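Novice: Below is the structure I would like to discuss, written out as structure tokens.
The values are calculated or read from the model by the stated rules, or taken from the named source; none is laboratory data. Fair warning: this is a prediction, and the values are worked out from it, not measured in the lab. Cβ coordinates were reconstructed from backbone atoms using ideal geometry, including for glycine residues, and neighbour counts include every protein chain displayed. All accessible areas refer to the heavy atoms of the entire protein, side chains included, with ligands and DNA or RNA removed. Shrake-Rupley method; radii C 1.70, N 1.55, O 1.52, S 1.80 Å.
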Amino acid sequence: MATLADLAADLAASLAAAGAGARQIALALYRADGSIAHARIGTSTPCRDPRHMTRLLTPKLDEIDAGFGIDVATLAATRFERLAQTQAAMAATGQGGAAAELIDRLTNRLGAAQALRLEHRARHLPERADVLRSAAIPM
């Protein structure tokens, strides 16, 4: 857990320097026996908060068997987007981030096909006005 927190802090610093936020993050754990265990998460909005990354990856670690031990761990943003200054300021003050964090936790726990939201479309028939979309896809 301490190593994961350190890796998340390093990744967040790299993303901040690039002015970006991660949308997909991959953790690779290299075992002593030569095999590799992977854990992947996704976020609904660009993220560079190490606490949020760690919170999303922690349940994935329970599924990984360490075997004879872990020699090396790497954390990489496999997909990232530019993070606007207004979004970064809102995330720093806690405004607007709670809903995105909840969507991320539900999507990573249940899967993108299970965490859904209604999206309104202009239709003449009311019963066809709303469609179900993945909650992880930004509005």
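Novice: Which of the following residues is open to solvent by 50 Å² or more (accessible area, probe 1.4 Å), among the β-branched types (Val, Ile, Thr) and either in contact with a Lys or Arg (Cβ under 6 Å, 6 or more places away or on another chain) or closer than 16 Å to LEU102 by Cα (or both): THR45, THR58?
Specialist: THR45
Novice: Name the residues in segment 58-75 that are in contact with a strand residue (DSSP E or B) (Cβ under 6 Å, 6 or more places away or on another chain) and not in a strand (DSSP E or B), would you?
Specialist: LYS60, ILE64, GLY67 - these are the residues of segment 58-75 that are in contact with a strand residue (DSSP E or B) (Cβ under 6 Å, 6 or more places away or on another chain) and not in a strand (DSSP E or B).
Novice: Within the set of pairs 6+ apart or on separate chains, which have a first residue in segment 68-79 that is touching a residue at least 40 places away in the same chain (Cβ under 8 Å) and farther than 19 Å from PRO50 by Cβ, a second that is part of a strand (DSSP E or B) and of a type in the set (A, V, I, L, M, F, W, C), and C-beta atoms under 9 Å apart?
Specialist: ILE70/LEU29; ILE70/ALA37; ASP71/LEU29; VAL72/ALA28; VAL72/LEU29
Novice: Moving on to the next point. For segment 10-21, give me the residue count where each residue is within 22 Å of ILE64 (Cβ to Cβ) and open to solvent by 50 Å² or more (accessible area, probe 1.4 Å).
Specialist: The qualifying residues number 1.
Novice: Considering only segment 99-139, state which residues are among the small types (Gly, Ala, Ser), outside any helix (DSSP H, G or I) and either in contact (Cβ under 8 Å) with a residue 40 or more places away in the chain or closer than 11 Å to GLY42 by Cα (or both).
Specialist: Once the filter is applied, which keeps residues that are among the small types (Gly, Ala, Ser), outside any helix (DSSP H, G or I) and either in contact (Cβ under 8 Å) with a residue 40 or more places away in the chain or closer than 11 Å to GLY42 by Cα (or both), segment 99-139 yields GLY111, ALA112, ALA135, ALA136.
Novice: Give the residues of segment 61-86 that are surrounded by 14 or more Cβ atoms within 10 Å (Cβ to Cβ) and acidic (Asp, Glu), sorted by residue number.
Specialist: GLU81
Novice: Can I ask one more? Go through segment 92-114 and give me each residue that's at pLDDT below 70 and either of a type in the set (Asp, Glu) or open to solvent by 70 Å² or more (accessible area, probe 1.4 Å) (or both).
Specialist: Within segment 92-114, ALA92, THR93, GLN95 meet the criteria.
Novice: So, in segment 32-42, how many residues would count as being part of a strand (DSSP E or B) and open to solvent by 50 Å² or more (accessible area, probe 1.4 Å)? Working first, answer last.
Specialist: From segment 32-42, those part of a strand (DSSP E or B) are 36-42; that's our starting set.
With the extra rule that they be open to solvent by 50 Å² or more (accessible area, probe 1.4 Å), the set shrinks to 36, 38, 40.
Looking only at that region, the number is 3.
Novice: Within the set of pairs 6 or more residues apart or between chains, which connect a residue that is under 19 Å from ARG51 (Cβ atoms) inside segment 22-38 to a residue that is part of a loop (DSSP other than H, G, I, E, B) with Cβ atoms less than 8 Å apart?
Specialist: ALA22/ARG48
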